[in-house]
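The values are calculated or read from the model by the stated rules, or taken from the named source; none is laboratory data. Given the structure is predicted, the values throughout are model-derived calculations rather than measurements. Neighbour counts run over all protein chains shown; Cβ positions are idealised from the backbone, glycine included. Note: areas computed on protein heavy atoms with side chains; ligands, DNA, RNA excluded. Shrake-Rupley method; radii C 1.70, N 1.55, O 1.52, S 1.80 Å.
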Amino acid sequence: QDRSSPVISFMDTGSFFGKVEATPDLPDRALEFLSRYTHHDDVAFLRQHVLRIWEETRAKYHVYRCIERFMFLFPRISFHPYYPTLVERMKSREPFQICDVGCAFGQDTRQLIMEGQHPANITCIDIVDHYWDLGMDLYMDRDHLKVKTRFENAADPAFNKDKALSNQYEVVWAGAVLHVLSKVDVDNFIRNMFSLLSPGGVFLGSCVGALHPQEWITAPNKKDTPR
C-alpha cells in the first residue's frame, strides 16, 4: 500500500488550508476511499453525494475544522506510523478487539473493515450520534454495518462506571479527540482509555495542538450541540 498521504496533497490545495466559505470542487482523489468502500465508480455521483452530506452537516450540526475540510473522506488511522503493526497484529489473532473513540463519520472503522477486521470486533464511541448517522448515509452501509456503538462522553469520570468495557481492547484509537478537550478532560479521557485496554494493549491516536493553553469553544454555530 502506498503510504504517502492523499490527505496532505488534498488539503494543501487552494482554500482547503483555510475556512471553506463556498461549495468546493472536490478533486477526484478526495473520493478514492469512498469509491473503494462503496464500489461506486461514478465520480460525478459520488461528488454530489458527498457535497449533499457535507451541506446537511453544516446546516444541522457543529462543523469541526476537520469536517469543514472533508477529512471524513480519509481514514487517518492508515497514515499513523503504528498502522502496519496494528494490521499485522489484527490479522494474527482472532478475536482482536478494537475501539474507535471519537469515531465521527466512521471512516477509520471502515478502513479497518476493508483490511479484514470483523465488524463485530469493533466498538465505536462518540459523544453524540449525529456524525455517525450521517456517516452511514455517506458510506451507504446503514443496512449492513454491524459494529457496536456507544454514544456518551468518554471524558466523563463516570464513563465505563459499570466496567463493562474494561480490559477488553487490544487497540484503542482516538483519531482527533484530545485537541477539543480541556486539560481536565484530557486527564479523564486518557485515564478512561487506559481502563479499556487489555494486557499489552495499545492506545494510539492523533491530534493538533496550540502554542498556548486555551479552552475549546463549545459548538459556536449550534449552541445545543456538545463539543
Give me a comma-separated list of calculated 3J(HN,Hα) values for region 54-62, in order, Karplus coefficients 6.51, -1.76, 1.60 applied at θ = phi - 60°, integers in Hz, x for any Gly or Pro. 4, 5, 5, 4, 5, 6, 9, 10, 5
If ligands, DNA and RNA are left out, what is the accessible area of HIS179 with a 1.4 Å probe, given in Å² to the nearest 10? 50 Å²
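Would you mind calculating the gained length between ASP137 and ARG93 on full extension (0.36 nm times residue separation, minus the Cα-Cα distance), in nm to one decimal? Write down the numbers at each step before the final one.
Details: separation 44, 0.36 × 44 = 15.84 nm, distance 3.13 nm.
Gain on extension, ASP137 to ARG93, equals 12.7 nm.
How much space per residue, in cubic angstrom, does the convex hull of the C-alpha atoms of region 38-106 take up? The partial results should precede the final answer.
Working: hull volume 8.9 nm³, N = 69.
Given the Cα convex hull of region 38-106, per-residue volume reads 129 Å³.
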Which trypsin sites (Lys or Arg not before Pro) in region 60-111 sit in a loop by DSSP (not H, G, I, E or B) and have at most 15 other Cβ atoms within 10 Å of their own Cβ? ARG93
Per-pair calculated FRET efficiency, R0 = 45 Å: THR23 and ALA120 via Cβ, rounded to 0.05: 0.75
How do VAL172, VAL147 stack up against each other in accessible area, from largest to smallest, with a 1.4 angstrom probe? VAL147, VAL172
Report ILE190's accessible area, 1.4 Å probe, all protein chains in place, as a number in Å² to the nearest 10. 60 Å²
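List the trypsin sites (Lys or Arg not before Pro) within region 145-189 that fall in a DSSP loop (any state other than H, G, I, E or B) and whose Cβ has at most 11 other Cβ atoms within 10 Å. Numbers along the way, then the final one.
Details: sites: LYS146, LYS148, ARG150, LYS161, LYS163, LYS183; in loops: LYS146, LYS161, LYS163.
Counting only loop positions with at most 11 other Cβ atoms within 10 Å, the trypsin sites (Lys or Arg not before Pro) in region 145-189 are LYS146, LYS161, LYS163.
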